[in-house]
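The values are calculated or read from the model by the stated rules, or taken from the named source; none is laboratory data. As the structure is a prediction and not an experimental result, all values here were calculated from the model. Cβ atoms come from the backbone with ideal geometry, glycine included; neighbour counts cover every protein chain shown.
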Amino acid sequence: MSAQQQNSRLVELAQLNKVFVSDDVETWALNNINVQIAKGEYLAITGPSGCGKSTLLAQLGLLDTPSGGTYRLAGHDTSQIDKNERSRIRNKEIGFIFQSFNLISALSVADNVALPLSYRADLSRTQQRERVLAALEQVEMTHRASHFPAQLSGGQQQRVAIARAIAGQPAIILADEPTGNLDSNNARIVMSLIDTLHQQGATICMVTHDMSSAQRTERIIAMKDGVIVSDSPTSLRTAVAV
Amino acid sequence: MSAWIDIRYAARLLLKKPLFTLTTTAIVTVGLALTLYTFTLMQQLVFKPLTLGQDTPLIAIAGEFKAAHGVRQRVDPYHLNRIQSHSTLLQSMSLYQSAVRTVGQQGNEASSHKVHLTYVQWDIFEVAGVQPLLGRSFSPSDQQNESQSVVVLSYDIWQRIFAGNEDIIGQVVQVEAIPVQVIGVMPPGFAFPTQAQVWQIMTQTRLEPASPSNSGGLQAVARLRPGVTLAQFQHELATLLQRQLQALPQEFAWRADVAGGYLQAVPFKLSVDVLYQHYSVLVAMMLVVLLILLLTCINVGNLLLARVNEQIRDVAIRVALGVPQRRLILQMLWESTLICCVGGILAPGLAHWGMMLTNQALNEIFAMSGARPFWWTFSLSLDSVWMLLGAVLLMILITGFIPAWRALQGDINGILRDGTRGALSQRAGRVNQALVMSEIALSCVVLVIAVMLLGSSVAAQQADYGVQTEQRLTASVRLAWGSYRWNGGEPQARKKRNDFYYGLKDKLEQLPNVRSVAYFSSLPGTGGGTSHFEIQGQAAAVFSDNPMWNFEVVSRGAWHTVGMQLLAGRDFNLTDLAIDSRELRGSGSPVIINAAMARELFPQGGAVGQRIRTLDGEGWHSEWRTIVGVVSDSIHGPTLDSTSTPYTGYGLMDLRSWWMNIVVHYSGDEAQAMAALQQAIIDLDADATVHQIQSYQSLIKQPLLLIESLNQVFVAGGLVALFLAASGIYAMSANSIAMRSQEIATRRALGVPDKHVVGLFIKQALVQLAVGLVAGVLVALWLSAQLANAMVVDSHSYILALLGIPGLIVMLVLLATLLPVSRQLKHAPAEALRQD
């Protein structure tokens, strides 16, 4: 591996495990996972329900702690950091797009987008406002800035969620079934937005079981029963399929 | 059939969570029992009109209530008669006067007993609608006959003093050592108008004076014509009075200016002074209990709401499957119906137990005096059952409505799509906040009032009355009027009574186990009742600006017997008796004042030698009295009583009283001292009676027993409220936070630090606290102001209640916020997000 490759690695998972214990029964949700993601990469994690793809995304997003193995994000070992530091990393380095949007109903569209920025000490109020406007402009939701989530359609809510994810200019965007709750038209719009983000240089890791969405990415990791069964460039898989 | 399925479904849900079911049922039972108990108590004590089996309620026509004295103004029978003869709304009316007298068998002095005797107009039993069991009722001719008075005995007195003698009718018995003839015996339990044991006819002269006079002390009981309301009669009474009082001679002119009217008509039960005086306490108690009922409803509703939030997906599925809304509401109502019905079945048992305790407490309170109004015995009635049914229905509606509303307000599509943990809608969130704020406000009111009352009661019991009560025996000594009557002229009669009282004192003090003996008109710690007074040369421009004092009379050398000390000047002596004789001719008499009065009213010193006199708003005043001494402070009347005052003046026992309270400082055995006192009285005068023999400690405690038993209800209410507040606020808060678990996880996922998440919820809780506490404290302040009209609210309890309770609630709410938020934060955000 070249030094350039080494430096461009954003995510490195090595022998990562996640075990859930319930009534003395161990469930290995993730079993010996080894993944590297480079800066600017656009990849999809696919697999059937219960295969562990969302659990893997939670690990990548520092939303959960692993049972074993290591996770290095931008060269830093995340197993050694405390809760507050994890929060700070999530806030600054990671952007989330959830299947069910997870907008806060009591906050307006603009306030939802501004929420993660409001905890950033490195951004002034003006900068925060500018980033919110820019993010909303990018997803074409500026005209709905003062509306509340309940007043928006599902597609519009997801566009706001995308704006929230990109407003902080994170190192990586994690999307968990971003089109899962949308009709085909809205799904297409959302996927186009995500494609655009990638084209602008964003690192995107998307969990999906929709192969058409997965095939828009550069790399597909397939999982089954907590194990990675394949990890290959999309072009290769397409070629094989062809 | 479908209803049966719903009931079984509701029962199954309840059985699945036995702890929840037990908790909610216990809350409902306690809430309903407390309401039932208080409603029954208040209704039988005050609110339910007294009818004695007739169609129209009895009312009282009496003088203005003097809050400072704790009694009603004595009224002139002249006006009462004029009202009766001119009223078109009165159906019947009868005059009476309650008194304490001695009754015994003719020729058997040892049989004399103190009884509650009521002097009555001939038609008193006609107004009551009850006729004698034996003999006959009074007739107009009994009233005309001034030479031979007649009496009717209560069933209890007939049995107790006259051994149920079948030939009692026509026999002559003694009342105050004067022979009177028995003409009847009333049925068991009859004690009308309040606690009468013997009824004696009043003379025509007393009942129907030809012109206004200063004689008074009578009250009237009346019935209104069918269909006439009390308000209508009150209006007529005011009109008739206005006409009657306009042309009065100058000395009675003040009667026209009495605020509220010289004569006032009130429901008969409110003619009992202690009830009238403490009416605001009773109303406050009723209000507090209603608040507890409301708190219970909101609490149980909240608990059921929390359950609905858990079952919201089930509800959404039912809606999606086409179950009509009405059916869904019914399904939810069944759950609360089952809980409330079980509570409704258990509540009467608990309320009945409370009433048994109250009846026992009242037995204890009135064991000595026997002054218990006959309707003060409490039991569940048909009205109680109706009230219970109403309360259960109200509870079912409120507790069923809250969860049903939540279930049907939900976005069914969203719930089915997102699951139970979907973000709480803004509207539901606002309702949750409103419920928490109501809980905070209600519990604040209930707890503040409970603490104020409890604290005041405890402070009163621990108050320093300025006397020593250990090894002191007290009793009331009565002289029979017949043996000390005025027929020899007042100075001779006074000398005879004086000889008896001081003879008894000398006789007792010669006994080896008696250290000293003293007489007080009211002993410190008892009595009370205040009057205005003025210092010569320092009269206030407005009458009511004059200070108030409690005036008592005492025997010579009384102070050391109760542990008081003479601080300045001199004690009463034999020469004062001569001055006292002159006082009757208007020359003044000596008075001894307490230290607080000397210190505060004569700050430069020199109280001794100043002159002082009692006065009232009607222009009456006593003779000037000269201050001859200053004694240590003591408090007359229970310290809880608003009629108590720190200033007391003591006059020399002038022996115009027919009865005095004796205090015996003894050594050794109390029973031996009691026996000695009784024997000494019999030896001196067999017609004299001694009653209410008890330790000084019991005597002081007695006036507090009633308020103490009422306070127990408040304490029970306060504890229930505390439990309800703690469980309700916690359940509500925990439920509200659980419903926002996904929001918490989202915030955390977006990098919001945990301490900021906690801060967010604390901030919201503080807003709810501020609104709830401000509302609660304002209502509590208003209620405490009402209470202060009837009793002295201890200042420490006041401060403790107004600072401590809000402080406790703040802690409770913060705890109820911190615990569930911390629980959420214990889990990784992924867990909550996984439950999407």
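Of everything in the range B:610-622, what is surrounded by fewer than 17 Cβ atoms within 10 Å (Cβ to Cβ), within 14 Å of B:Gly649 (Cα to Cα) and not basic (Lys, Arg)? Give them in sequence order.
Within the range B:610-622, just B:Leu615 meets the criteria.
Being at pLDDT below 80, buried (at least 18 other Cβ atoms within 10 Å of the Cβ), of a type in the set (D, E, K, R) and outside any loop (DSSP other than H, G, I, E, B), is that true of even one residue in the range B:552-574?
no
Hey, does the range A:200-209 have a residue that's surrounded by fewer than 17 Cβ atoms within 10 Å (Cβ to Cβ), hydroxyl-bearing (Ser, Thr, Tyr) and not in a loop (DSSP other than H, G, I, E, B)?
no
Confirm whether A:Thr208 is more than 21 Å from A:Ser54 (Cβ to Cβ) and at pLDDT 90 or above.
Spelling it out, it is not the case that A:Thr208 is more than 21 Å from A:Ser54 (Cβ to Cβ) and at pLDDT 90 or above.
Given (1) assigned to a helix (DSSP H, G or I); (2) within 13 Å of chain A (Cβ to nearest Cβ); (3) not hydrophobic (A, V, I, L, M, F, W, C), identify the lone condition not met by B:Ser727.
Failed condition: (2).
Any residue at all in the range B:752-759 that's within 14 Å of chain A (Cβ to nearest Cβ), among the small types (Gly, Ala, Ser) and surrounded by fewer than 23 Cβ atoms within 10 Å (Cβ to Cβ)?
Scanning the range B:752-759 turns up at least one residue that is within 14 Å of chain A (Cβ to nearest Cβ), among the small types (Gly, Ala, Ser) and surrounded by fewer than 23 Cβ atoms within 10 Å (Cβ to Cβ).
Take B:Val793 and decide whether it is part of a loop (DSSP other than H, G, I, E, B), surrounded by fewer than 22 Cβ atoms within 10 Å (Cβ to Cβ) and either more than 14 Å from chain A (Cβ to nearest Cβ) or in contact (Cβ under 8 Å) with a residue 40 or more places away in the chain (or both).
Answer is yes for this residue.
Looking only at the range B:496-522, which residues are among the aromatic types (Phe, Trp, Tyr) and over 17 Å from B:Ser483 (Cβ atoms)?
Correct list: B:Tyr519, B:Phe520.
Name the single residue, out of those in the range B:169-188 being part of a loop (DSSP other than H, G, I, E, B) and at pLDDT 90 or above, that is farthest from B:Gly129 (Cα to Cα).
B:Gln171
Evaluate the following for B:Leu303: is it outside the structural domain of B:Leu783 (by TED's automatic domain parsing) and either over 18 Å from B:Phe39 (Cβ atoms) or at pLDDT 80 or above (or both)?
When the stated conditions are applied, B:Leu303 passes them.
If you check B:Leu305, B:Leu290, B:Leu294, which single one turns out to be assigned to a helix (DSSP H, G or I) and over 30 Å from B:Ser741 (Cα atoms)?
Residue meeting the stated conditions: B:Leu290.
Just to be sure I understand, how many residues within the range B:125-141 are in contact (Cβ under 8 Å) with a residue 12 or more places away in the chain and surrounded by fewer than 21 Cβ atoms within 10 Å (Cβ to Cβ)?
Final tally of qualifying residues: 11.
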